[in-house]
Amino acid sequence: MTPEAAYQWLAQHSRETAYYESMGQLLGWDQRTQIPIKGHAHRHNQFAMLAKWMHSRATDPRVGEHLAGVEGAELVRDPNSTAAVNVREWRRDYDRALKIPEDLAVALAKATAEGETAWEQARPDNDWAAFKPFLARIVSLKRAEAQALGYAGEPYDAHLDLFEPGETAAGLAPLLAQVREALVKILEAINASGRRPSSEVVRRHFPVAGQERFGRLVAQRLGYDFDAGRLDPTAHPFSVEIGPGDVRITTRYDEHNFSQAFFSTLHEAGHALYGQGLPEEHWGTPRGAPVSLGIHESQSRLWENLVGRSLGFWRYFYPQAQAAFPALREVPLEVFHGAVNEVRPSLIRTEADEVTYNLHILLRFELERPLMGGDLQVEDLPGAWNDRMAAYLGLRPSDYAQGVMQDVHWAAGLFGYFPTYTLGNLYAAQFYARAEADLGSLEEKFAAGDFAPLLTWLRAKIHSQGNRLWARPLVKEVTGEDLTPRFLVTYLQRKFGALYGF
Ligand code: ZN
C-alpha cells in the first residue's frame, strides 16, 4: 500500500470514529437537558456500547500498520501540512490507547461511574465518610493509569498531558506561582481600598423569560449562529460540538441572580463560537478539532470576562438590559458595571470572581500533584484543602460540601483537568492583548456594538487553525511571545485598580 493510500484509510477511520463520538455527544446533550428520569439506566447501557466500539476502533492493529506505512513518507515531511498534523495526533491517540490494559480501562470506567453517583448522593448530606472509599479507589486506579501511560517527569504529567498536550507539572508550577503572587497582592489592595462595588443590584428580581430573551439577544449579537445551535436550560451549564452546523449551549437560571445565567450563557457561547469556527472541511480529523481544553477555555473566558464584563460592552448593551428589566431602570451604568465585577473571596470555585478564581485552581493543582505522586493520601485531603483555603482566601470551609467535595471532577476521575481553567485565563488575556494591538481599542468597538472585528480575528488566528499547533506553539505564533502571566496580571491590575481605586 502506498503512503497516500494508508493516509486515506486512516482519514476514513478517523471520520467514522468521529461520527460515533458525535452520536455520543448527542446522547450526552439529551441526558443533561431532556431525558425522562426513568431513561437513565438505558442511557448508561447505550454509552457502554459506544465505549466498547470506540475502544476497539482506537486499538485496531490496522491503525498501527497504516501509521507505520505513512510515517517518514514525503506526504508528512512538512510538520505544518494537514497530513502531518493528522498523523501526529493519530499516533498519539493510538499509542495512548494501547498502553491502557483493557481490565484497567474497564475498572476505571466502572469506578468513575460509581464515584459520580456516590458524590451526587453524599454531597448534599455532607457525607465525606460515605464518599471517601469511592474516591480512594479512583485515586489508586488513576495512579495505576499514570504508571501504564508513562510520563515525562512525574505521574501527574500523564493526566495533564491528556487535556493539555505537552504540558508538564514542572513547566506549569512556576507560571502558576507567579500568578498566585500577583493575585494575592491584588486581593490585598482590594481589601485595603475603601471602595466597595456591591452586587446587590444584580441580585434583584429578574424574571426567567426576560433573562432567556436577553441572553439570546446578546449571544446572537456576538456572532453565535442560532441556525447552527440552540440554547437550553440545564443544571450544570455546558456547550457541545455535535458536528458541523450543530454546536449547542446551555445555561442555568436563577430569578434572583442576573449574573449566573447571563455570564454562563456568554461563557458557553464563547466555547460555541470556537466550535462554530472550526474548519468544516477537516471535520472528523485532528486538523479540524480544537487544540486542548485550555485553548477552548481561553475562548469562553475571553467572551465571558474580557468582553462581557468590560465597560465598553455594557455601554452598548446596558440600555437594552434596562429596557428588559425594571429592576435596573434606576441603576446607573457604573453601579451595574461594578456589580458584575464585585470581588469577594468565597468558598465555591464556580461562583468566584476574576481575581480569586485562579486561587481556587492553584489550590487544586497543589493537591492533585502530590495525590497522584503518592505523597498525599485521600484521608488527608480535607485538612490540606482547608489549610490552603485559609492561606489563599482567608476562609475556612465549615463543611465538606463547600470544601473538598464541591466539584464533580475528582469523582469523575478528572485529575489534571483543573489547571486548564487557569491556562485558559492566561491564554485569553494574551490573545486579547494581541488582538487589541492589531485592531485598536476593542472597548470602543464594543461600545458601538461592533463585535465582528474581534470574532473575525479569532476565527483567522485560532478557530480555523484546528489542532494544527499545540497550545504553547499556537500562543507563540499568534502573539509572537511565549506564554506569560504578564498579560492576565496587567489586565486584572488595570481593571480592578480602576474599580477599587488602587
Ligand atoms: Zn468552560
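Throughout, read-outs are computed from the coordinates displayed, never taken from laboratory work. Model, not experiment: these values are computed from the prediction. Quick reminder, even Gly has a Cβ in these numbers, built from the backbone with ideal geometry, and neighbours come from all protein chains shown.
What the table shows:
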quantity	calculated
Members of 185/495; 445/495; 38/110; 52/142 lying beyond 25 Å, as alpha-carbon distances in this model show	none
Qualifying trypsin sites (Lys or Arg not before Pro) in region 280-354, DSSP loop, other Cβ atoms within 10 Å at most 15	329
Helix-only CD estimate at 222 nm, as mean residue ellipticity for the chain, using -39500 (n - 2.57) per DSSP H run (n ≥ 4)	-20500 deg cm²/dmol
Longest to shortest principal axis, alpha-carbon extents of region 190-332, angstrom	52, 37, 28
Taking N as its residue count, the alpha carbon Rg of region 259-406 over 2.2 N^0.38 Å	1.32
Cα centroid separation - region 438-469 against region 14-64, whole Å	34 Å
Scattering profile of region 66-194 at q = 0.12, 0.14, 0.21 Å⁻¹ [log10 I(q)/I(0), Debye over alpha-carbon scatterers]	-0.76, -0.90, -1.14
Average projected area [Cα convex hull, region 1-74], square nanometres	5.6 nm²
Using alpha-carbon coordinates, inclination of helix 357-373 to the longest axis of the chain, degrees	30 degrees
For residue 360, net neighbour charge (Lys/Arg +1, Asp/Glu -1) across residues whose Cβ lies under 12 Å away	-1
Computed Rg/Rh of region 224-269, alpha carbon atoms with Kirkwood Rh	1.00
Residue-count net charge about residue 369 - beta-carbon cut-off 15 Å; Lys, Arg +1, Asp, Glu -1	-4
Rg/Rh ratio calculated on Cα atoms of region 375-502 (Kirkwood radius)	1.07
Cα convex hull of region 365-444 - mean projected area over all directions, nm²	7.7 nm²
Between 0 and 90°, nearest 10: helix 419-439 axis offset from the chain longest Cα axis	70 degrees
Calculated P(r) of region 320-406 - Cα pairs past 20 Å, %	48 percent
At 1.567 mPa s and 4 °C, Stokes D of the chain from Kirkwood alpha-carbon radius, µm² per second	54 µm²/s
Gyration tensor verdict on region 455-497 (Cα atoms; rounded if a/c is under 1.5, prolate if a/b is larger than b/c, oblate otherwise)	oblate
With 5 Å bins from 0: P(r) over region 233-314, alpha-carbon pairs, percent	3, 15, 23, 23, 17, 11, 6, 2, 1
Per-selection Kirkwood Rh - region 436-481 (Cα, Å, 1 d.p.)	11.7 Å
Alpha-carbon radius of gyration plus Dmax, which is the widest Cα pair, for region 107-148 in Å	10.9, 36
0 to 90° range, to nearest 10: angle between helix 82-99 axis and the chain longest Cα axis	80 degrees
Alpha-carbon Debye profile of region 334-380, log10 I(q)/I(0) at 0.18, 0.29, 0.30, 0.33 Å⁻¹	-0.64, -0.98, -1.00, -1.08
21 Å tail of the calculated P(r), region 153-262, as % of Cα pairs	64 percent
